[in-house]
Amino acid sequence: MPYSCLLYFEDETQFALQLAHEAGLTPERIDRHRFPDGELKLRLPPHLPSHVVLLRSLVDPNEKLVELLLAARTARQLGAQKLILVAPYLAYMRQDIAFQPGEAVSQRVVGQLLASLFDTVITVDPHLHRINTLDTVIPGTQTVTLSAAPLLGDLIAQRHVNPFLIGPDSESAQWVAAAAQHHGFDYAVCQKVRHGDQSVDIVLPAIDVTGRAVVVLDDIASSGRTLARAAQLLLAAGATCVDVAVTHALFRGDALQVIQDAGVSLILSTNSIFHTTNAISVSPLISKKLIRRIQNRESICHLETSQTDVYRDWPSQ
Ligand code: R5P
């Protein structure tokens, strides 16, 4: 029976059990041991079905890429013929060109690694910018790009009547549009210039937010500087309140504090990355894709891309 098994790691048990339940998969935990020297040992179920789903959200990705390498190659040896990676957050997507001579184009390198390990990759709102589609990033692999933006739109609609949605940079336009569309919200995007990891300049669009509840929506919050700067400017421009909503809640270091200090009322995120701000689950979005194939008994290799991403313009992160 294809697709009968969902492999997962202990720190993602909650998400894995929800996804397995919704998709009708048998959850199987990968045992993970760290040796004193830092090396990892993984132990998978000794007999695997021909079609196997592996869940790994790639927040703090460096060690997890080694896990994927060990797990995927071992799964093949244990009987898996078709391997699907479910990575609700896909890391290393922002470095898509060499900005300086000699820089690694991480997106391409990591994409090629995943292509060598998996037949299919399913992810949510990958940060593609100068490269239009995930197929290009992970060549020769079936890719499924899902978007949590409509879910965030629904969440915002539960909290505000007639909010103004703002994207903090040009590449956020697609997510803001998708979130606004269904509910008929007003929306616009800012222009952003990044000067460093913790330093961004933002120019607001020519709109009037006086007396409006505003929600700044983006795919990722990392240092939180982008959301914080946008919120400061919007409040100074007359917004009655500013909330923020993101798909991927990285929120590194003092990000949450910086965002709160900027005057943000509410911080919402999806559980593509486990975080205290999680307000909605992307698991049903993913399981729907898996279920269709299980019920239809279609080959996992026939999964199609569900969304075509169009990205333009600067900045890279
Ligand atoms: C890049 O354009 C992304 O969409 C985010 O805007 C960016 O990664 C946020 O980074 P930070 O929270 O560090 O400002």
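The values are calculated or read from the model by the stated rules, or taken from the named source; none is laboratory data. Remember, it's a predicted structure, so these values are computed and weren't measured experimentally. Quick reminder, even Gly has a Cβ in these numbers, built from the backbone with ideal geometry, and neighbours come from all protein chains shown. Only protein heavy atoms, including side chains, enter the accessible area calculation; ligands, DNA and RNA are left aside. Shrake-Rupley method; radii C 1.70, N 1.55, O 1.52, S 1.80 Å.
If a residue has to be surrounded by fewer than 24 Cβ atoms within 10 Å (Cβ to Cβ) and in a helix (DSSP H, G or I) to count, how many in the stretch 229-250 make the cut? Qualifying residue count, the stretch 229-250: 5. Going through the stretch 269-285 one residue at a time, which ones are more than 15 Å from the ligand (Cβ to nearest atom) and open to solvent by less than 10 Å² (accessible area, probe 1.4 Å)? The answer is Val282, Ser283.
Scanning the stretch 202-221 for residues that are over 21 Å from Gln257 (Cβ atoms), within 16 Å of the ligand (Cβ to nearest atom) and assigned to a strand (DSSP E or B) yields Val203, Asp219. Does the stretch 22-30 include one or more residues that are hydrophobic (A, V, I, L, M, F, W, C) and part of a helix (DSSP H, G or I)? Scanning the stretch 22-30, I find at least one residue that is hydrophobic (A, V, I, L, M, F, W, C) and part of a helix (DSSP H, G or I), so the answer is yes.
Residues in the stretch 179-187 include at least one that is within 18 Å of Ser269 (Cα to Cα), small (Gly, Ala, Ser) and either open to solvent by less than 30 Å² (accessible area, probe 1.4 Å) or more than 16 Å from the ligand (Cβ to nearest atom) (or both).
Return the only residue of Leu83, Leu42 being surrounded by 15 or more Cβ atoms within 10 Å (Cβ to Cβ) and over 21 Å from Ile122 (Cα atoms).
Criteria check complete, one pass: Leu42.
The combined condition, being within 11 Å of the ligand (Cβ to nearest atom) and crowded, with 23+ Cβ neighbours inside 10 Å, is not fulfilled by Gly253.
Among the residues of the stretch 282-309, which ones are at pLDDT 95 or above and in contact with a strand residue (DSSP E or B) (Cβ under 7 Å, 6 or more places away or on another chain)?
Within the stretch 282-309, Val282, Leu285, Ile286 qualify.
Inspect all residues belonging to the stretch 149-167 and state whether any of them is surrounded by 15 or more Cβ atoms within 10 Å (Cβ to Cβ), within 11 Å of the ligand (Cβ to nearest atom) and either in a strand (DSSP E or B) or more than 17 Å from the chain's Cα centre (by Cα) (or both). Taking every residue of the stretch 149-167 in turn, at least one turns out to be surrounded by 15 or more Cβ atoms within 10 Å (Cβ to Cβ), within 11 Å of the ligand (Cβ to nearest atom) and either in a strand (DSSP E or B) or more than 17 Å from the chain's Cα centre (by Cα) (or both). What is the residue count in the stretch 117-148 for residues that are open to solvent by 30 Å² or more (accessible area, probe 1.4 Å) and touching a residue at least 60 places away in the same chain (Cβ under 8 Å)? Final tally of qualifying residues: 7. Examine the stretch 174-190 for a residue that is assigned to a strand (DSSP E or B), without any contact (Cβ under 8 Å) to a residue 12 or more places away in the chain and more than 16 Å from Ala245 (Cα to Cα), and state whether such a residue exists. Looking through the stretch 174-190, none of the residues is assigned to a strand (DSSP E or B), without any contact (Cβ under 8 Å) to a residue 12 or more places away in the chain and more than 16 Å from Ala245 (Cα to Cα).
In the set (1) in contact with a Pro (Cβ under 9 Å, 6 or more places away or on another chain); (2) within 16 Å of the ligand (Cβ to nearest atom); (3) open to solvent by less than 60 Å² (accessible area, probe 1.4 Å), the condition left unmet by Gln191 is number (3). Annotation for the stretch 114-136: no member residue is within 16 Å of the ligand (Cβ to nearest atom), assigned to a helix (DSSP H, G or I) and under 25 Å from Glu39 (Cα atoms). If you go through the stretch 251-290 and keep only what is part of a helix (DSSP H, G or I) and over 13 Å from the mean Cα position of the chain (by Cα), you end up with Ala255, Leu256, Gln257, Val258, Ile259, Gln260, Asp261, Pro284, Ser287, Lys288, Lys289, Leu290. Taking the stretch 233-250 on its own, how many of its residues are among the β-branched types (Val, Ile, Thr), in contact with a helix residue (DSSP H, G or I) (Cβ under 8 Å, 6 or more places away or on another chain) and more than 9 Å from the ligand (Cβ to nearest atom)? So the answer is 3.
Pairing residues of the stretch 65-83 that are of a type in the set (S, T, N, Q) with residues that are open to solvent by less than 70 Å² (accessible area, probe 1.4 Å), at Cβ distances under 6 Å and at least 6 apart in sequence or on separate chains, gives Thr74/Leu44; Gln81/Ser50.
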